[in-house]
1. Accessible area per residue, 1.4 Å probe, Å², for the stretch A:198-340: what's the number?
2. Put +1 on the Cβ of each Lys and Arg and -1 on the Cβ of each Asp and Glu in the protein assembly as shown; which of A:S440, A:L293, A:Y413 then has its Cα farthest toward the positive end of the dipole?
3. Starting from the Cα gyration tensor of chain B, take the square roots of the eigenvalues, sort them a ≥ b ≥ c, and report rounded, prolate or oblate (rounded when a/c is under 1.5, otherwise prolate if a/b is larger than b/c, else oblate).
4. Can you tell me the dipole magnitude for the stretch B:4-103 around its Cα centre, using point charges on the Cβ only (Lys, Arg +1; Asp, Glu -1), in Debye to the nearest 20?
5. Amide H to amide H under 5 Å from B:I113: which residues, 5+ apart in sequence or cross-chain, H placed 1.01 Å off N in plane?
6. Across peptide B:184-197, how many C-beta atoms of other chains are within 10 Å of each residue C-beta, on average?
7. Can you classify the protein assembly as shown as rounded, prolate or oblate using the Cα gyration tensor, where a ≥ b ≥ c are the square roots of its eigenvalues, rounded means a/c under 1.5, and otherwise it's prolate if a/b beats b/c and oblate if not?
8. Which residue, A:V216, A:T637, A:A584, has the largest displacement toward the positive end of the dipole of chain A when charges sit on each Cβ (Lys, Arg +1; Asp, Glu -1)?
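The values are calculated or read from the model by the stated rules, or taken from the named source; none is laboratory data. What you are looking at is a predicted structure, and each value in this text was computed from that prediction instead of being measured. Ideal geometry is used to build each Cβ from the backbone, glycine not excepted, and the neighbour counts take in all protein chains shown. What goes into the accessible areas is simple: the full protein's heavy atoms, side chains included, and nothing from ligands, DNA or RNA. Shrake-Rupley method; radii C 1.70, N 1.55, O 1.52, S 1.80 Å.
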Amino acid sequence: MAFSVDKIKEAQTLDGRLPDGPIEQKWDRRKNELKVVSPANKRKYTILVVGTGLAGASAAAALGELGYNVKSFCIQDSPRRAHSIAAQGGINAAKNYQNDNDSIFRLFYDTIKGGDFRAREPNVYRLAQLSLDIIDHAVAQGVPFAREYGGLLANRSFGGVLVSRTFYARGQTGQQLLLGAYGALMRQVDLGQVEIFPRREMLDLILIDGKARGIVVRNLVTGAIESYVGDAVILATGGYSNVYFLSTNAKNSNATAIWRAYKRGAYFANPCFTQIHPTCIPQSGDYQSKLTLMSESLRNDGRVWVPRKKGDKRHPNEIPEEERDYYLERKYPSYGNLVPRDVASRNAKMVCDEGRGVGEYGRAVYLDFADAIRRRGIDYIRDKYGNLFEMYEKITGENPYEVPMRIYPAPHYTMGGLWVDYNLMSNIPGLFVLGEANFSDHGANRLGASALMQGLADGYFVIPYTLGDYLASVDLPAVSTEEKEFKESQKAIEEQVKRLLSVKGNKTVLEFHRELGQLLWDEVGMSRNEKGLKMVLERIPEMKKEFWKQVNVPGSDKDLNKSLEFAGRLIDYFELGELMALDALHRNESCGGHFREEYQTPEGEALRDDEHFSYVAAWEYPGDDETTPILHKEPLTFEYVKPTQRSYK
Amino acid sequence: MKKLNLTLRIWRQRNANSPGKFETYQVRDISPEMSFLEMLDVLNEELTKKGEEPIEFDNDCREGICGMCSLVINGIPHGKLHRTATCQLHMRHFKDGETITIEPFRAKAFPVIKDLVVDRSAFDRIIAKGGYISVNTGSAPDANAIPVPKEAADAAMDAAECIGCGACVAACPNASASLFVAAKVSQYTFLPQGQPERKRRVLRMVEQMDREGFGNCSNHGECEAVCPKGISIMNIARMRREYIKASFS
């Protein structure tokens with residue numbers, strides 16, 4: 001049975017446990033209220049941290065520093081390889097080092113507006129406050145940020161803002177911040193506070209007496225199903241863009257940890273809020289395995305254009321200036337090429353839909369550096385973006401110093417995720433969710449250089465405070481992996497593995513995933529409509545049936561088997577895809593990355609409906625896969641930034 | 001562009017305890033626009049369809065930054081293209097009809113897990129001994145309190161670009177991890193924040209490198225030649241100076 005909006009049952013509204021007081025005092029007030037665990041007692045607690053990206057590694061390191069026993073799990077062969085490593089452009093902080101009138105309030109304001117008024121004000125304000133501490137800490141860790149000749153830190157601009165507040169380490173800011181956090185984590189390993197478990201994939205969350213008390217993982221090398229007990233579980237397992245198959249995420253990034261937590265009762269918030277990044281290298285063939293991002297920072301100097309005429313097949317350098325349409329500069333004169341990502345992506349789609357797209361398939365626009373090279377010289381451009389240009393040339397075989405880059409939007413980040421309160425705890429006591437895996441700070445659209453900021457704020461500066469309060473407030477009797485909850489879970493996982501290996505059909509996991517990804521990209525991607533979303537809700541249950549009849553998963557369950565790993569993730573993607581479509585269908589408005597064709601302004605911009613949809617939609621698993629999920633609303637209130645029609649003109 | 005037909009000789013090995021051997025496969029109609037790993041994806045899809053076990057190889061970001069991909073391609077870690085990780089190598093650099101030999105990174109300290117996948121956890125254990133600055137969260141001064149000359153920051157960044165893939169070890173006749181260790185030591189040597197632990201860091205990291213069974217550096221320079229990030233062998237000279245200074249003071 002397909003999910004249907006008519007069958008959505010509404011349950012009680014959610015309380016985000018937001019602190020009282022003026023916004024600039026809320027986090028301090030909350031910290032004063034939080035209970036603290038004494039140093040002697042911290043060592044009695046074991047904390048399970050899943051994921052070692054910026055949020056997970058920073059949390060594991062910071063908790064180890066405090067004296068907790070931490071077990072850190074990751075899917076890669078080393079914690080250093082988590083997908084945060086691929087973040088290119090930078091990290092925001094309201095330092096106002098450039099004297100351009102930046103402030104905590106301005107970063108807060110930009111983020112709320114950028115998110116199209118679908119994020120919580122208090123969370124975002126705290127994020128802006130903590131941005132200052134992150135930069136201080138990263139510099140103390142030896143992160144080699146770019147500097148001016150005077151020795152002070154350099155900044156650049158990102159989309160959706162009018163100041164320069166982005167700190168960067170060439171085009172590898174994520175790498176350098178992650179290696180800083182990984183170093184801090186490995187220091188705690190050396191000190192005996194953290195134990196690492198690489199090549200493990202979390203397959204279940206274990207609740208005992210209603211509290212998160214453990215996880216079940218698959219050892220990806222031996223195939224063994226292993227259980228681990230803890231006093232709290234922290235998920236920092238990233239986003240779910242790979243549901244689309246083609247995305248800028250790493251191949252192993254997946255939704256399984258958060259999805260299995262959802263199926264254990266954690267609410268999934270705003271699943272339809274996904275970010276399609278405007279500047280990615282276009283697909284070149286059917287065999288394509290992933291898409292590569294070209295950093296948003298390139299829009300500081302690159303100009304986006306397409307030919308004025310439809311189907312103009314001339315070489316870009318032969319198209320004269322007056323026959324080019326620099327459509328972002330034309331439509332948004334004050335932000336120009338630096339409009340937010342959702343706006344840039346939607347406009348790229350629009351010009352391509354008009355038949356003015358370029359490249360072999362007509363699904364690309366130009367990002368042109370010729371003016372910047374003329375104005376500043378080639379060395380300036382090379383110094384700033386050299387590694388990105390090199391990467392572009394390796395993939396496409398074209399030299400972007402001479403020919404404009406061809407770019408097209410691609411799935412990149414997911415604002416939706418598990419619902420958490422202000423303390424970053426889900427509705428399941430003892431289950432905390434950090435970074436991209438939660439839904440908290442970016443509303444319906446994330447601004448560039450804010451993901452790194454959120455991951456590190458959550459891990460270094462929020463969870464060390466809020467976790468202690470939980471541990472000090474609850475009674476946690478000793479449990480072991482012999483409890484029936486662990487045994488039953490292990491058995492169910494082993495059965496699913498056996499079932500996957502036994503189908504022996506004629507279609508590969510990859511074929512099914514491509515098919516699902518294409519469906520979601522077409523109908524739950526850059527623009528959505530009622531008809532398409534209803535079709536998705538009908539189609540996915542059929543695909544699931546076909547999958548269980550026709551899939552071919554080779555190999556054994558006793559050793560390294562990537563096909564088996566990917567098959568398990570795909571089962572969860574089918575279900576997640578349904579929830580995304582349901583969420584998109586129920587939200588009868590457009591906001592940020594969620595663009596419903598029925599709801600747009602005469603100029604084609606997203607048209608919000610604050611009267612009916614100014615809430616977080618958190619979905620509860622109803623207990624079986626056929627029943628339409630249950631909706632919990634968390635109303636959003638805006639005291640400091642008045643919701644308006646977003647304008648970047 | 002013309003499609004390629006290729007012969008692949010690929011190392012297959014059940015696990016660390018079984019002997020491995022080369023198997024030969026044919027792939028047809030490979031687009032020159034494909035990446036090397038996408039070409040292997042195509043082969044794996046064919047093997048799966050035929051009911052055979054696909055070839056296991058490590059990979060993740062596929063954009064040259066996570067360091068998870070490896071492979072020795074025609075005798076060269078990450079293949080012949082300069083400063084390029086395997087995942088960024090494209091098929092336009094191969095010729096129609098070519099035979100390509102694909103092996104795992106080979107070193108005593110990197111045991112094979114399966115087929116082309118090796119265990120590089122020795123690198124984590126080296127980093128645990130000093131690949132960081134020992135600052136606890138929450139105690140840092142303002143980020144601009146300590147100016148760092150641009151030249152020093154740039155030099156630190158050059159060293160910090162290492163992706164920890166292990167190609168340097170695979171290319172070295174002695175299977176030395178010197179370039180990997182030296183890159184980390186150098187990054188912090190350039191920065192004021194790295195000074196307090198300068199001696200302890202280099203002594204502990206080098207000691208762990210030896211304990212893991214990596215060989216010594218004898219200046220072949222193969223490591224720099226294959227490094228996908230172009231980490232300079234000058235870093236090894238710097239690490240040695242640091243090590244000697246630390247040993248005698």
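1. Value for the stretch A:198-340: 27 Å² per residue.
2. Working it through, the farthest residue towards the positive pole turns out to be A:L293.
3. Judged from the Cα gyration tensor, chain B comes out prolate (a/c at least 1.5, a/b above b/c).
4. 340 debye
5. Result for B:I113 returns B:V118, B:D119.
6. Taking all residues of B:184-197 together, the mean is 2.
7. Rounded is the answer for the protein assembly as shown, as its axis ratio a/c remains below 1.5.
8. A:V216
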